[in-house]
Amino acid sequence: MMNRTINPGEDYRAQAREFCRENPQTAFLLQRLKAHDRLVYEHSLRSAFFSLMLARGLGLPKPEQDLVYRSALLMDYGKLLLAPARSGQPKDGAATVLDHPLLTVGALASLIEQGLIDREAILAHHENLDGTGYPYGLVWEDITLHARILRVADGFASMTVADTRNGKMTGTAEALGELYRWSDIQYDEDLVELLCRYYPDHVGKREEPVKAQVIKLINH
């Protein structure tokens, strides 16, 4: 049975503040990210919130939940190291946004060595199950569970919008439908279904299997 100790309606910013009080190094890095790009910072907080929902829903041990959450909070930290595009085209050999997972693991090497960040999850959080992702084009068996969690959470955060006043989301039903459309192509279907169970009002009546509900939503 799914652990519902985290509520979808909770404040993702409050969740991050609580975590950062006990993790000052993470707090410092997040403040740097916030100063660099507020949108990336907000996206990171929301992606981490959904990652924690999935980790708890899977019943992962608390230390593993923290590992997933911290990794999600900082998975885009490498974007700090990207030079701003001035001409619209990067110079030959210059890092691009596709390199940010590699830049992130380089910047967070100390935390990785301490076991506080999951290196493989960071590297593979943009990998797709069918091999069309980046930076390595990994496929199913090469993508760890933590990376698959981050991939679903990152996708869901990208497809939904949070009201800055109250944190409420818009586009939830459409996002869940899109995740299901690409299940077992880009996203782990089991994780997508788990995420759907946190949002029953957006996929139909509870009596129906979640997948059937979402298929109806897509075909509506």
Item to check | Hits in the stretch 42-67 - residues which are surrounded by 19 or more Cβ atoms within 10 Å (Cβ to Cβ) and within 16 Å of Cys20 (Cβ to Cβ) | outcome: Ser44, Leu45, Arg46, Ser47, Ala48, Phe49, Ser51, Leu52, Gln65, Leu67
Checklist entry - So which helices (runs of 4 or more DSSP H) stay within the stretch 19-130 end to end and still have 2 or more residues that are touching a strand residue (DSSP E or B) at 6+ places or on another chain (Cβ under 8 Å)? => result 38-57
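We did not get these values from a lab; they are worked out from the coordinates using the rules stated. Just so you know, these numbers come straight off a predicted model, no measurement behind them. Note: ideal-geometry Cβ built from the backbone for every residue, glycine included; neighbour counts use all protein chains shown.
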